[in-house]
1. Mark the label point 7 Å from the Cα of ILE376 along Cα→Cβ and return the residues of the stretch 184-210 whose backbone N is within less than 20 Å of it.
2. Once you put a point 7 Å from the Cα of ASP389 and another 7 Å from the Cα of VAL275, both along the Cβ direction, what distance in nm separates them?
3. Lys and Arg at +1, Asp and Glu at -1: add these up for the other residues within a Cβ distance under 9 Å of ASP8 and post the number.
4. Placing unit charges on C-beta atoms (Lys and Arg positive, Asp and Glu negative, everything else neutral), compute the dipole magnitude of the chain about its Cα centre in debye, rounded to 20.
5. Does the stretch 83-170 classify as rounded, prolate or oblate by the C-alpha gyration tensor (a ≥ b ≥ c root eigenvalues; a/c under 1.5 gives rounded; else a/b over b/c gives prolate, otherwise oblate)?
6. Checking the a/c ratio against 1.5 first, then a/b against b/c, what shape does the Cα gyration tensor give for the stretch 146-202?
7. With all protein chains present, calculate the accessible area of VAL281 using a 1.4 Å probe and round the result to the nearest 10 Å².
8. If you roll a 1.4 angstrom probe over the protein chains with everything in place, what fraction of the accessible area of the stretch 364-404 belongs to carbon and sulfur, to the nearest %?
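The values are calculated or read from the model by the stated rules, or taken from the named source; none is laboratory data. These figures come from a predicted structure and were not determined experimentally. Positions of Cβ are backbone-derived with ideal geometry, glycine not excepted, and every protein chain shown enters the neighbour counts. Heads up: the accessible areas ignore ligands, DNA and RNA and are worked out on the full protein's heavy atoms, side chains in. Shrake-Rupley method; radii C 1.70, N 1.55, O 1.52, S 1.80 Å.
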Amino acid sequence: MSSNLRIDGARLVSRLTELSAIGATPEGGCRRLALSDEDRQGRDWLVGQMQALGLDVKIDAIGNIVGILKGREDGPAVILGSHIDTVGTGGRFDGALGVIAGVEVLATLRDAGLTPKRDMAVIAFTNEEGARFHPDMLGSYVWAGGMSVAAAHAELDADGAVLGTELRRIGYEGPEQPGFLPAHAYLEMHIEQGPVLESEGGGLGAVTGIQAICWLELTLKGRPSHAGTTPMAYRKDPGLAAARINIFANEVTKTIPGQLANCGVIRVQPANVNVVPETVVMTLDLRNPSDAALAEAEAAVRAYCADLVARDGIEIAFRDLARFPATPFAEELIAGMEQSAAELGLPIRRMISGAGHDAQMMSRLCPTAMVFIPSIGGLSHNPAEFSTDEDMAAGANVLLGAAWRVANA
Ligand code: GLV
Ligand code: MN
Ligand code: MN
């Protein structure tokens, strides 16, 4: 490849702007929950973009959208990808940028009249966020064979909507078997979603891997009673227990290196000011770069809950919403990202990913790596999520260089 080959930064930004208009929120972010009407519109737009490029577009049984550029030889493909679903209060960049950067890489090759040796493809994976259906990274998990199509189709959202029904409703239950396109390598560009790159003075991130994650749902049952007449010692209050568990999980992060904890959902019933609650459903998001340390943190939380059950008469039931081990990426592809950045004169540093990504699932199938660009203010899963046009182009050019090298090796 001519080392002068560059993606078209203006076209990249203009595609992102077009996709951002779908599900745009007044706060300047995006709400395209998986398999919602907005997700369908985003998918329709993406399929149109892929078709306009002359890609062979295929949809699989879990709704993953695959755009394929034929190479000169048969064999496994170099796959680029990410997701276009968002959390309920998401930004414009998380996921969408990775898919659009992949499309831009293939558009750049097409414009230059370059045909890679290997097939190349862009995939937009279904329900990466896990904001509507569990687990997160569901489309790539199914693609990688970690979960059956039938089990995924049976997943329910918080209102009881069935994933398979929603997939058919938006017209994206496709005929292909997930994983139908064998993978030679997987590369993903993403925003960092944290403060590290910006605080280090900018530059890109060559991602070395993804930390371990455990999502738990806890259902706490106590005894509903009158808030004015029930003496404190007589109460069985799952609301109080939920607050204690949240604080305990936070304390655990101070004793186990690298440990993170978040309680993002607390649903109290019956939710009346003067009723001691009957039930609380809460979630815990626990993460750590070390599998062993994460297991230690989870065990500590579970032991604390067992004490609450014994001491306060609260019932607690646990359900796994997601559980994925720490995932190291492939050294040769991490080095490939660094090489591409060096060729472009762009600073790049190695870093681990705090967030989950489809790359975590794809690494079950093939050598995998990611490139990060800075997130201004470190913000993500927030309408104010922002990355500069310059950084987006830089990241996409690194992706182009790395992908082209693997596709011709
Ligand atoms: C995905 O966005 C995650 O929660 O890491
Ligand atoms: Mn993402
Ligand atoms: Mn996300």
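1. Answer for the stretch 184-210: 190-205.
2. Between ASP389 and VAL275, the simple spin-label model gives 5.5 nm.
3. Working: positive: ARG6, ARG11; negative: GLU104, ASP111.
Overall, the nearby charge balance is 0.
4. Details: 33 positive and 50 negative charges, 98 e Å.
Charge dipole, the chain, about its Cα centre: 480 debye, nearest 20.
5. prolate
6. Working: a/c = 3.14, a/b = 1.67, b/c = 1.88.
Judged from the Cα gyration tensor, the stretch 146-202 comes out oblate (a/c at least 1.5, b/c at or above a/b).
7. For VAL281, the solvent-accessible surface is approximately 30 Å².
8. On the way: 700 of 1230 Å².
Carbon and sulfur: 57 percent of the exposed surface of the stretch 364-404.
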